[in-house]
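S.K.: Pasting a structure here, questions to come.
Just so it is clear, none of the values below were taken in a lab; they were calculated from the coordinates. What you see is a predicted model, and the numbers here were worked out from it, not measured in a lab. Quick reminder, even Gly has a Cβ in these numbers, built from the backbone with ideal geometry, and neighbours come from all protein chains shown.
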Amino acid sequence: MQIAFIGAGNVGAPLAAHLAEAGHAVTLAESRAASDTVARALGRSPRLRALPLAEAVEAADVVVLATPFSTLATLLPPLADRLAGKVVVDCTNPVGPGLRHGLHSERSGSAFVQDLLPAARVVKAFSIYGFENLEDSTWAGAPPAMLFCGDDAPAKAATADLIRACGFEPVDVGGLAQALHLEHMTLLWIRMVRAGGHSPHLAWAVLRAA
């Protein structure tokens, strides 16, 4: 699968490296030349490459948004035509002051992304943990769950494959309307770990009756 990452920091870099090592063709999109962040991310795997933003997006089947949520309103509108028809995996979270929902829980960040990219197939994924669990998802017993949602079934199937490649159990929770609940789940994790003193290697799991 041809995958482009917009954002190569704490979230994008480990995910990009995992997927590249799993055999996908992964490109890091550079919004500016000689980016230190992209250079560091490239050092994680010899399978990664970097291209200018527009070129990386144009060649991709799947585009992963791993930038701060605050950048999206400026970043995405010029890319709307290039992203038409593509799977866009939204890893971002709108976190506001006091660890509250940045859009006042009136709508999800993924709905905001879909509005900016009306012809893209948006899936919310890789969003319910901090970056520590994206670095290494090796756990004793069952793999941790990665909840995801979206309105396009083929886009979700492709995303589920990427989730498995990163070591998680994909759990489809429904349509994109569920993204708001996943963002609140993220806020719960942040409050427990960043403010409450729990280990950052805390993860959710799905248990099924025998």
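S.K.: Rounded to the nearest 0.05, what FRET efficiency is calculated for Arg191 and Glu132 with R0 set to 22 Å and r the Cβ-Cβ distance?
M.R.: Details: r = 16 Å, r/R0 = 0.71.
Efficiency for this residue pair is about 0.90.
S.K.: Determine the calculated [θ] at 222 nm for the chain from helices alone, applying -39500 (n - 2.57) to every DSSP H run no shorter than 4 residues and normalising by the residue count; nearest 500 deg cm²/dmol.
M.R.: -9000 deg cm²/dmol
S.K.: At 0.890 mPa s and 25 °C, plugging the Kirkwood radius over alpha-carbon pairs of the chain into Stokes-Einstein gives what diffusion coefficient in µm²/s? List each step's numbers first, then the result.
M.R.: Numbers: Rh = 17.1 Å.
For these conditions, the coefficient is 143 µm²/s.
S.K.: Could you work out the Kirkwood radius for the stretch 15-87, taking every pair of different alpha carbons, averaging 1/r and inverting it, reported in Å? Numbers along the way, then the final one.
M.R.: Values: mean 1/r = 0.0774 Å⁻¹.
Over the stretch 15-87, the inverse of the mean reciprocal pair distance is 12.9 Å.
S.K.: What is the list of residues in the stretch 141-157 whose amide nitrogen lies under 20 Å from a point 7 angstrom out from the Cα of Ala210, following Cα to Cβ?
M.R.: Within reach of a label on Ala210, which here means backbone N under 20 Å from a point 7 Å along Cα→Cβ, the stretch 141-157 contributes 141-143.
S.K.: Report the gain in length on full extension from Ser199 to Glu58: 0.36 nm times residue separation, minus Cα-Cα distance, nm rounded to one decimal. Intermediate results must be reported in sequence, preceding the final value.
M.R.: Numbers: separation 141, 0.36 × 141 = 50.76 nm, distance 3.93 nm.
Full-extension gain reported as 46.8 nm.
S.K.: Quick one: among Ala177, Ala50, Ala34, which has the greatest mean-square fluctuation in a GNM of the chain with alpha-carbon springs under 10 angstrom?
M.R.: In this elastic network of the chain, the residue with the biggest mean-square fluctuation among Ala177, Ala50, Ala34 is Ala34.
S.K.: Would you mind telling me which residue in Arg44, Arg32, Arg100 has the biggest mean-square fluctuation in a Gaussian network model of the chain, where springs connect alpha carbons within a distance under 10 angstrom?
M.R.: Arg32
S.K.: Sticking with this structure for a sec: Want the number for Ala33 to Ala177: 0.36 nm per residue separation, take away the alpha-carbon distance, what's left?
M.R.: Numbers: separation 144, 0.36 × 144 = 51.84 nm, distance 3.66 nm.
Full extension of this stretch gives 48.2 nm more.
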